[in-house]
Amino acid sequence: MIADTHGLLRPEAKAFLRGADHILHAGDVGDAGILDELRSIAGLWAVRGNNDTGTWAASLPQSLAVEIGEVAIYLIHEVAELGVRPAPDGTRVLISGHSHKPLLENRGRTLCMNPGSAGPRRFKLPIAIGEIEIAVPRIEARIIDLASHTVLAETLASVYPP
């Protein structure tokens, strides 16, 4: 999981993503070239963030529901938009961006992740990226600081009950 690249795909982020089966970008991509680079690494799903403007971004949805290994995942840039674009019933993982603040927590039956920003540093927030490993019936999630390679947050969730 990656978010808020704002036109900067760091070599550390690319190295971290190598070997991934899927990449989900939670918006504020910043440049179509970022999407091309990510597609060269793994299958890609991406949503449009509030800073993704121009013709290149017009084809990006504002939210996206995908299923990976029996797990329903909902991708949206701003959590505040859930009132307008609610997650579908049965969503087990909610991935968002926008705040640049890494977040990983279980909210009821939903695992919520904001991988933080992998692009330009904002304030004193870490440069971070997320990882979710699906091994039904478990979901393991981590957020990694790209500079120090330390785990900022880690949690387990269950695929069941839906």
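The values are calculated or read from the model by the stated rules, or taken from the named source; none is laboratory data. All figures in this text were calculated on a predicted structure; none of them were measured in a lab. When we count neighbours, we look across all protein chains shown, and the Cβ atoms used for this are built from the backbone with ideal geometry, even at glycine.
Before moving on, here are some points about what is shown:
- Check on residue 90, surrounded by fewer than 15 Cβ atoms within 10 Å (Cβ to Cβ), of a type in the set (Gly, Ala, Ser) and either part of a loop (DSSP other than H, G, I, E, B) or under 16 Å from the mean Cα position of the chain (by Cα) (or both): yes
- When each of 54, 69 is tested for being over 17 Å from residue 28 (Cβ atoms) and either surrounded by fewer than 20 Cβ atoms within 10 Å (Cβ to Cβ) or modelled with pLDDT under 95 (or both), the lone residue that passes is 69.
- Inside segment 124-162, residues that are farther than 18 Å from residue 19 by Cβ and of a type outside the set (A, V, I, L, M) make up a count of 13.
- Per-region count, segment 78-105, residues more than 19 Å from residue 138 (Cβ to Cβ), out of contact with any Ser or Thr (no Cβ under 6 Å at 6 or more places or on another chain) and without any contact (Cβ under 8 Å) to a residue 60 or more places away in the chain: 14
- Put simply, of 128, 147, 153, 135 the only residue that is modelled with pLDDT under 95 and surrounded by 13 or more Cβ atoms within 10 Å (Cβ to Cβ) is 153.
- Qualifying residue in segment 111-128 (condition: in a strand (DSSP E or B) and among the charged types (D, E, K, R)): no
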